[in-house]
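Structure first, commentary second.
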Amino acid sequence: METKGKTKISATLKNTKKRVFSGIQPSGDVQLGNYLGAIKGWVERQAEKENFFCIVDLHAITVPQDPKDLRHQTRSLAAILFAAGLDPNKCTVFIQSQVTAHAEACWILNCTTPVGWLERMTQYKDKLARQESIATGLLDYPVLMAADILLYDAHEVPVGDDQRQHVELTRDIAQRFNHLYGETFVVPEAVIPEIGARVMGLNDPTVKMSKSYAHIKDHAVNLLDEPKEIERSIKRAVTDSGNEIRFSDDPEKAGVNNLLGIYKVITDRSKEEIEADFSTARGYGDLKTRVAEVVIDELRPIRERYHALMSDVAELDRLLARGAEQARAVSEPKLEEIKRRVGLVLPGEL
Ligand code: ATP
Ligand code: LTN
């Protein structure tokens, strides 16, 4: 009787938690922007939420990937997420392609999403401009992302600023489906940090730091970089010819602003405090030294835990298999609901 009562209470508590869904691509070495713009917030708020974090390998293959590298990067990314502090007892971490409901829901949503909505996506237009030939999957990328989110009835989608437009589109896709077929989906909100949502490249502060540019020398700090490498990339960060250390929207000062933003997210101090602190600094050299120090200290324990996790791949695979099972338990009934709504005959009905 007592146990029954307890179960009921914990189920009620669980249901009051907001559901969170986010994704990250296994498309290369995880970089500091991924951590400050997304992963750090996921870790900090995991206790307050019901969390689903997805390693979106189907999104990664929308641009060419070496199969061997992709396999390695998928496990390695899982290890990074756990090493950064995601607790498998509080979060469902899983590989997208292992939960087939995502691809199926994507197809159904493709059939209610006007192609013009996809052609307007800035990330698609940027990639299109950079490549000679592009895959259909790249155009369709945001519909798969909508399927990811909507299958879980997620309320919140914590992402970096570059994903704002995709979450807006997810809202449009949900509303359109609800309008056509009746209330089916929760319309989710993007949760974007005030600072750290757009960490810029160290070699070029006009371009967002990206995993897929991480091979370019001194573009990014990778989460697994050794202290010497971190120091080197930050010391070489492009700044300006002045010496004023302050937060600023001035494009001239984008490099310094980027370094201060990184420092702010990690130290969690106010802009005023930070500017006052740096008012006695001797030029950008001092700023870079202090930024490098806090980044090194922040990433050291993650790197150490990562190597420990990667030394036991069987345990990592077990966690991912459990995550996929938990994800299926939520997404499969939702997929059935979607299929029923559009008039597809379910296997159980035959
Ligand atoms: P790719 O280069 O393959 O597109 P990416 O580095 O942009 O990869 P994603 O896997 O697409 O990373 O994104 C994972 C999360 O990290 C998303 O929430 C995204 O908004 C966030 N993110 C990516 N880059 C940055 C950045 N420079 N600053 C802040 N957040 C970022
Ligand atoms: N497009 C996202 C990755 C992504 C995602 C999601 C993010 C795929 N599915 C669902 C949030 C919710 C990106 O970061 N490039």
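Read-outs: derived from the displayed coordinates by stated rules, not from any lab. On a predicted model such as this, the values are computed, not experimentally measured, just so you know. In this analysis, Cβ positions are derived from the backbone assuming ideal geometry, glycine residues included, and neighbour counts consider all displayed protein chains.
Under the rule of -39500 (n - 2.57) per DSSP H run of 4 or more residues, summed and divided by the residues of the chain, what mean residue ellipticity at 222 nm is obtained, to the nearest 500 deg cm²/dmol? Computed mean residue ellipticity for the chain: -17000 deg cm²/dmol.
In terms of overall dimensions, segment 169-223 has a Cα radius of gyration and Dmax of 18.0, 51 angstrom. Remark: segment 247-291 projects, on average over all directions, an area of 2.9 nm² (convex hull of Cα atoms).
Over 37 Å, how big is the tail of the calculated P(r) for the chain, in percent of all Cα pairs? In whole percent, the share of Cα-Cα pairs in the chain beyond 37 Å is 23.
Roughly what angle does helix 164-181 make with the longest principal axis of the chain, taking Cα atoms, 0 to 90 degrees, to the nearest 10? Helix 164-181 and the main axis of the chain meet at about 10 degrees.
Considered as an equivalent ellipsoid built on the Cα gyration tensor, segment 194-270 has semi-axes of 19, 14, 12 Å, the largest given first. Calculated translational diffusion coefficient of segment 19-108 (10 °C, 1.306 mPa s; Stokes-Einstein with Kirkwood radius over alpha-carbon pairs) equals 117 µm²/s.
Using the Cβ of ASN203 as centre and a radius below 13 Å, the other residues enclosed give a net charge of +3, where K and R count +1 and D and E count -1. Bridging of LYS18 to aspartates and glutamates at a Cα separation below 12 Å is possible for GLU48, GLU50, ASP153, GLU156, GLU189, once same-chain residues fewer than 8 apart are set aside.
Shape analysis of segment 159-290 based on the Cα gyration tensor places the equivalent ellipsoid semi-axes at 36, 17, 13 Å, largest first.
Is segment 113-207 rounded, prolate or oblate when judged by the Cα gyration tensor, a ≥ b ≥ c being the square roots of its eigenvalues, rounded requiring a/c under 1.5 and prolate requiring a/b larger than b/c? Oblate. A simple spin-label model places the labels of ALA281 and ASN89 4.1 nm from each other, with each point 7 Å out along Cα-to-Cβ. Rounded, prolate or oblate for segment 83-127? Axes are the square roots of the Cα gyration tensor eigenvalues, ordered a ≥ b ≥ c, and the cut-off for rounded is a/c under 1.5. Since a/c reaches 1.5 but b/c is at least a/b, the shape of segment 83-127 is classed as oblate. Entry note, segment 27-104: relative contact order of 46 percent, from Cα contacts under 8 Å with a spacing of 6+ residues.
Express in whole angstrom the spacing between the alpha-carbon centres of segment 153-228 and segment 56-96. If we compute the Cα centre of each part, the gap is 16 Å. The GNM of the chain, with springs linking C-alpha atoms under 10 angstrom apart, assigns the highest mean-square fluctuation among LYS17, LYS68, LYS217 to LYS68. Note on HIS72 and ARG164: the model spin-label points, each 7 Å out from Cα along the C-beta direction, lie 3.7 nm apart.
Residue by residue, segment 286-291 carries 3J(HN,Hα) couplings of 4, 4, 5, 4, 5, 5 Hz when phi is fed to the Karplus relation 6.51 cos²θ - 1.76 cosθ + 1.60 (θ = phi - 60°); x denotes Gly or Pro. Its Cα centre serving as origin, segment 54-136 has a Cβ charge dipole (Lys and Arg +1, Asp and Glu -1) of approximately 100 debye.
Please work out whether segment 134-178 counts as rounded, prolate or oblate from its C-alpha gyration tensor, where a ≥ b ≥ c are the square roots of the eigenvalues and a/c under 1.5 means rounded, while otherwise a/b larger than b/c means prolate and anything else oblate? Taking the square roots of the gyration eigenvalues as a ≥ b ≥ c, segment 134-178 is oblate.
Projecting the Cα positions of GLY28, CYS54, GLN123 onto the charge dipole of the chain (unit charges on Cβ atoms of Lys, Arg, Asp and Glu, taken about the Cα centre) puts CYS54 furthest along the positive direction. Neighbours of PRO347 by Cβ distance under 13 Å: Lys/Arg scored +1, Asp/Glu scored -1, total -2. Along its principal axes, segment 91-162 has C-alpha extents of 38, 28, 21 angstrom, given from the largest down. Between the helical axis of 136-150 and the longest alpha-carbon principal axis of the chain there is an angle of about 70 degrees. Mean-square fluctuations from a GNM of the chain, with a 10 angstrom spring cutoff on Cα atoms, peak among PRO88, PRO64, PRO205 at PRO64.
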